[in-house]
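Trainee: Below is one structure. I have some questions about it.
The values are calculated or read from the model by the stated rules, or taken from the named source; none is laboratory data. In this text the structure is predicted, and so the values were computed from the model without any measurement. Cβ atoms come from the backbone with ideal geometry, glycine included; neighbour counts cover every protein chain shown.
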Amino acid sequence: MTQSRAVALTRELIRCPSVTPADAGALDVVEKALKGSGFETHRIVFSEPGAADVDNLFAKIGMGAPHLSFAGHTDVVPPGDASRWRFDPFSAEVSDGRIYGRGASDMKGAVAAFVAAALRYVDRHGAPKGTLSLLITGDEEGVSINGTVKLLEWARKRGERFDHCIVGEPSNVSTLGDMIKIGRRGSLNGRIRVIGKQGHVAYPQRAENPAPIIARIVAALSGHELDKGTTHFERSNLEFSTIDIGNRAVNVIPGEARAEFNVRFNDVWTHDSLKERILKVIKQAAPGANVEVEFPPSNAVSFITKPSHFTELVVEAVRQVTGLTPELSTTGGTSDARFIVNYCPVLEFGLTNETIHAVDENARIADIDGLCAVYERVIERYFEQ
Ligand SMILES: [Zn+2]
């Protein structure tokens, strides 16, 4: 069987059991391939008290602007019970045109595809007029504190100025080319505590019941329209996950009531403006009541890369290779793109996400080669400008 460089690299990477925070030789595979074609490479180990040290890789070729970067991770989630897998999760077995193994689609296949595309570009055109770089971390699936955040800061201190970035997360739903992620909703949790006054149900004038108050607050927040959605986002949504009083005595008016909620919000809001609105709605629903509201810290802000020349360039490359026009979407959970957006416009395009984090994770060989072709087309067009 002849296999492309992208496929060979994918299999080599899967054979490194790099369950976060272990590297198991995965970054060596990437570094060796890039170094051989003239990339300057840096390995940076970050540490933090109480967390495992994590190895990271920064590689670049060319200099100055424009600077296109690819961001990815070589760490993977644990395979779970390996006996439930069709093949050993770190053997990179090929069957029915697919490579099986942990990380095949999240996201060793995409890292391999980008490396192969970059090497092919350099073989054909030499170093770009500008900078082509790779930010590869071993700390994405874990706590994400010794990875992309620190790597970006390290690169900035060295004088790197990123103009655009592609993250190789598996963005497609079922077919290569069906979806590009251009942003994500933010997330905010809240805890409400209504303090009343406990007493006998027969003497309500001596007590203050928090139950009807919390009911009014829950109804008001649940029914409150935060916004009507924006061009690229669904409407923001608040959901209560629990309401607790926990009083089992039928003759007792409870002393306090609690409730918790989560908001998934779009680009209309910041954490601060959202908190302000929530407090206002609570105040209107329960004027004069003794209510405490707490918002646990969150770094999940909402972000969007507005459709631009860059997004159009990627859409066009996807269209040329796959024949599909990808949907520009803001759905799904969080990724390292939320950190990169503080440096430059970022979008996510990788393999399909059908089997990620699951038993028998796999990637179609045709998709890995197709993704490599898309990336190469993007690099070519980007440095043609
Ligand atoms: Zn991932």
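Trainee: If we scan region 170-184, do we find a residue that is away from the ligand (no atom under 14 Å from the Cβ), among the basic types (Lys, Arg) and touching a residue at least 24 places away in the same chain (Cβ under 8 Å)?
Mentor: For region 170-184, residues away from the ligand (no atom under 14 Å from the Cβ), among the basic types (Lys, Arg) and touching a residue at least 24 places away in the same chain (Cβ under 8 Å): absent.
Trainee: Could you tell me which numbered condition Glu208 fails, if it satisfies all but one of (1) over 40 Å from the mean Cα position of the chain (by Cα); (2) surrounded by fewer than 16 Cβ atoms within 10 Å (Cβ to Cβ)?
Mentor: Tallying (1) over 40 Å from the mean Cα position of the chain (by Cα); (2) surrounded by fewer than 16 Cβ atoms within 10 Å (Cβ to Cβ), Glu208 fails exactly one: (2).
Trainee: On to the next question. Restricting attention to region 314-361, which residues are assigned to a helix (DSSP H, G or I), without any contact (Cβ under 8 Å) to a residue 60 or more places away in the chain and within 16 Å of the ligand (Cβ to nearest atom)?
Mentor: Within region 314-361, none qualify.
Quick grid of which residues meet (1) part of a loop (DSSP other than H, G, I, E, B); (2) out of contact with any Phe, Trp or Tyr (no Cβ under 6 Å at 6 or more places or on another chain); (3) not small (Gly, Ala, Ser):
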site: Ile192; (1), (2), (3): no, yes, yes
site: Ala202; (1), (2), (3): yes, yes, no
site: Gln205; (1), (2), (3): no, yes, yes
site: Val218; (1), (2), (3): no, no, yes
site: Leu221; (1), (2), (3): no, yes, yes
site: Glu225; (1), (2), (3): yes, yes, yes
site: Lys228; (1), (2), (3): yes, yes, yes
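Trainee: Still on this structure: Quickly run through region 120-136 and pick out the residues that are in contact with a Phe, Trp or Tyr (Cβ under 9 Å, 6 or more places away or on another chain) and either in a helix (DSSP H, G or I) or modelled with pLDDT under 95 (or both).
Mentor: Tyr121, Val122, His125
Yes/no per residue for (1) surrounded by fewer than 17 Cβ atoms within 10 Å (Cβ to Cβ); (2) free of Cβ contacts under 8 Å to residues at least 40 places away in the same chain:
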{"residue": "Asp53", "(1), (2)": "yes, no"}
{"residue": "Leu57", "(1), (2)": "no, no"}
{"residue": "Gly62", "(1), (2)": "no, no"}
{"residue": "Pro66", "(1), (2)": "no, no"}
{"residue": "Thr74", "(1), (2)": "no, no"}
{"residue": "Ser83", "(1), (2)": "yes, yes"}
{"residue": "Pro89", "(1), (2)": "no, no"}
{"residue": "Ser95", "(1), (2)": "yes, yes"}
